[in-house]
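Heads up, the thing below is written out as structure tokens.
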Amino acid sequence: MKEIRTEIVIKSNLNKVWDFFTDFSHYPEWNPFIYSISGNVSVNNIIKIRLTPPDAKPMTFKPKILTLLPKKELRWLGHFIIPGLFDGEHIFEFIENKDGTITFIQRELFSGILVPLFKKMLVCCP
């Protein structure tokens, strides 16, 4: 398994951060890999995500929503071709801090038999 993790403290209140986060039209403004998201985001639903990795062709995935805890966590699981080949579980977490800020954590857990072949490509930030 391979994990990519980023974390940032945002000087805003949780309601504003969550509202911005769940307005999927804003994703290209803060996440250069996710070009678009469409579909009904609720547990067990399949959504459509268009990714634009750097130096690669755009890709479309159709992950399943695993967890939706408003203002706390959104988690989905996608597969490349078939489950177990190359799976990606994307996790967004929101932690309300005592000082009025929000810690936003974004993680991706990769698993499957092809992960070792792509390990060098699975890096966080340039």
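Some notes on this structure:
- Selection of first residues in segment 9-34 that are more than 25 Å from Lys57 (Cα to Cα) and of second residues that are open to solvent by less than 80 Å² (accessible area, probe 1.4 Å) and in a loop (DSSP other than H, G, I, E, B), restricted to Cβ pairs under 6 Å at least 6 apart or on distinct chains, gives the following pairs, ordered by first then second residue: Val9/Thr101; Lys11/Thr101; Leu14/Lys71; Trp18/Lys71.
- Helices (runs of 4 or more DSSP H) contained entirely in segment 1-119, each with at least 1 residues that are buried (at least 17 other Cβ atoms within 10 Å of the Cβ) and not β-branched (Val, Ile, Thr): 14-21, 27-30
- Within segment 54-81, the set of residues being of a type in the set (A, V, I, L, M) and closer than 19 Å to Gly39 by Cα comprises Met59, Ile65, Leu66, Leu68, Leu69, Leu74, Leu77.
- Every residue from segment 63-103 that is out of contact with any helix residue (DSSP H, G or I) (no Cβ under 7 Å at 6 or more places or on another chain) and among the basic types (Lys, Arg): Lys64, Lys72, Arg75, Lys98
The values are calculated or read from the model by the stated rules, or taken from the named source; none is laboratory data. No experiment lies behind these values; they were computed from the predicted model shown. Using ideal geometry, Cβ is built from the backbone for each residue, glycine included, and neighbour counts are taken over all protein chains shown. Heavy atoms of the whole protein, side chains included, go into the accessibility calculation; ligands, DNA and RNA do not. Shrake-Rupley method; radii C 1.70, N 1.55, O 1.52, S 1.80 Å.
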